[in-house]
Amino acid sequence: MSFEQKLLENVLQQISMGIVILDQDCRICFWNEFMQINSGEANAIDKSIFDVFPDLPQSWFKKKIDTVYTIQNMAFTDWKKRPYVFRFPTSRPMTGGLDVMYQNATFSPLTDEKGEVTGVLIMITDVTEVAEQTLQLEQLTARLEHEKQEQKKLIVKLEEAQNQLLQSEKMAAIGQLAAGVAHEINNPTGYVYSNMGSLGHMVNDLLAVIEVYEQQFEKVGDAAVRDAVNKAKEEYDFDYLKEDLVTLVNESKDGIERVKRIVQDLKGFSHVGESDWQLADLHNGMDSTLNVVWNEVKYKAEVQKDYGDIPRVQCIASQINQVFMNLIVNAAHAIEKQGVIKISTGLQGDMVFIRVSDSGSGISTENLNRIFEPFFTTKPVGKGTGLGLSVSYSIVQKHHGRMEVTSKPGEGTTFTIWLPVTQPEEEAGKE
């Protein structure tokens, strides 16, 4: 062996990377100290590489060797695609977190003077520290991205909670207003209603007395007296007064009853002082809500009710009424001139459904997937906040239900609320 050959062999033995030369049958022709130390195999020459490394994937490795022989060109493996070619039994304590040596490998053809491949030179580079740093960086990046996504979710939840709080405060204000209205109006309404009842009886009695007078009047012989009375009756349209007086009293009683119903519906809609879970009659809640928002509906739509046989539902009634209000007002706003709002209910299994359909303008496909997003609205500026459906969706979710929507532009929209009849025990115990 010449000096140059000995020098080259010395360099190959001392170099800080693995050097292996294989023949086409994958037998080891050369093996440097790096490979000997890390593999623990002192006598590897002339052995099959698969005997030294039994877990080496033979099909893949043999294909690499054959490819180098065939195309007479270099081949590579990167640690990101294949962490290592040779699994060494010893770990690398200096890396701490990794128990294998991560490797980059180069497969190079060795040719003779005729240019024919006589072997394959495999160079193994230890990239464990780079790999560990890269993996740690990737983990840190993934963790930061996860935290970023969690923060986004938290921000959305906070916004929804704030929006719901604002809506709840509005509902509380309505409730306080209802309580004040009830306190201030119920007393005068009560005695006016009572007085109207008494007045009705008195009017009937008075008309009865007048009828007796009329009967006796016909027996009066004085023509001048009869002419004077008849002239007065004609002047004041006495027959009309008799009929209209009864009508006025009855209409006044109906008006007072209407005032009482409005106050009761307003209280029923807001459920003053009732913010806990309780069994509620959803039909009563819907009727109260319709009365409260009737001014938004009566000029736009005919309301058709198709109430099914449903049980009382465990819920926070004021919040469910708030959902009803949003759906009914939106249905009315979707109708440009005159249309129909249909409200139907039913029971399927342990879930009740409340369906609100309108014959309005409908919702386009691109907007249909966004209608429950906070602040999204298709209404003109100043006409909507984009919170109604978002808050309604959150309320239904809080009640362990779901909200569905179907729509066709120009044909109308249908919202369906599904609510469980009873809430899970842990939820029902909360206030």
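Table for the structure above
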{"quantity": "Within the range 65-86, tally of residues that are out of contact with any Phe, Trp or Tyr (no Cβ under 9 Å at 6 or more places or on another chain) and over 14 Å from ASN104 (Cβ atoms)", "calculated": "6"}
{"quantity": "Unmet criterion (only one of (1) under 23 Å from THR406 (Cα atoms); (2) polar (S, T, N, Q); (3) in contact with a His (Cβ under 9 Å, 6 or more places away or on another chain)) for GLN338", "calculated": "(3)"}
{"quantity": "Filter result for the condition that a residue is farther than 15 Å from GLY412 by Cβ, at pLDDT below 90 and among the polar types (S, T, N, Q), over ASN326, ASN330", "calculated": "ASN326"}
{"quantity": "Hits in the range 23-50 (condition: assigned to a loop (DSSP other than H, G, I, E, B) and of a type in the set (A, V, I, L, M))", "calculated": "ALA42, ALA44, ILE45"}
{"quantity": "Members of the range 379-431 found to be at pLDDT below 85, assigned to a loop (DSSP other than H, G, I, E, B) and of a type in the set (Ser, Thr, Tyr), listed by number", "calculated": "THR385"}
{"quantity": "Cβ-Cβ under 6 Å pairs, at least 6 apart or on other chains, the range 193-210 side over 10 Å from VAL249 (Cα atoms), far side among the β-branched types (Val, Ile, Thr)", "calculated": "TYR193/ILE256"}
{"quantity": "Test: LYS62 is assigned to a loop (DSSP other than H, G, I, E, B), within 58 Å of the chain's Cα centre (by Cα) and either within 18 Å of THR106 (Cβ to Cβ) or at pLDDT 90 or above (or both)", "calculated": "no"}
{"quantity": "Any chance VAL246 is β-branched (Val, Ile, Thr) and either surrounded by 13 or more Cβ atoms within 10 Å (Cβ to Cβ) or modelled with pLDDT of 80 or more (or both)", "calculated": "yes"}
{"quantity": "Test set (1) out of contact with any Leu (no Cβ under 7 Å at 6 or more places or on another chain); (2) more than 30 Å from PRO409 (Cβ to Cβ); (3) surrounded by 18 or more Cβ atoms within 10 Å (Cβ to Cβ); (4) of a type in the set (A, V, I, L, M, F, W, C) - MET286 fails condition number", "calculated": "(2)"}
{"quantity": "Test: residue in the range 26-49 that is within 58 Å of the chain's Cα centre (by Cα), at pLDDT 90 or above and open to solvent by less than 40 Å² (accessible area, probe 1.4 Å)", "calculated": "no"}
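The values are calculated or read from the model by the stated rules, or taken from the named source; none is laboratory data. Computed from a predicted structure; not experimentally measured. Backbone-built Cβ (ideal geometry, glycine too); neighbour counts: all protein chains shown. These accessible areas exclude ligands, DNA and RNA; they are computed on the full protein's heavy atoms, side chains included. Shrake-Rupley method; radii C 1.70, N 1.55, O 1.52, S 1.80 Å.
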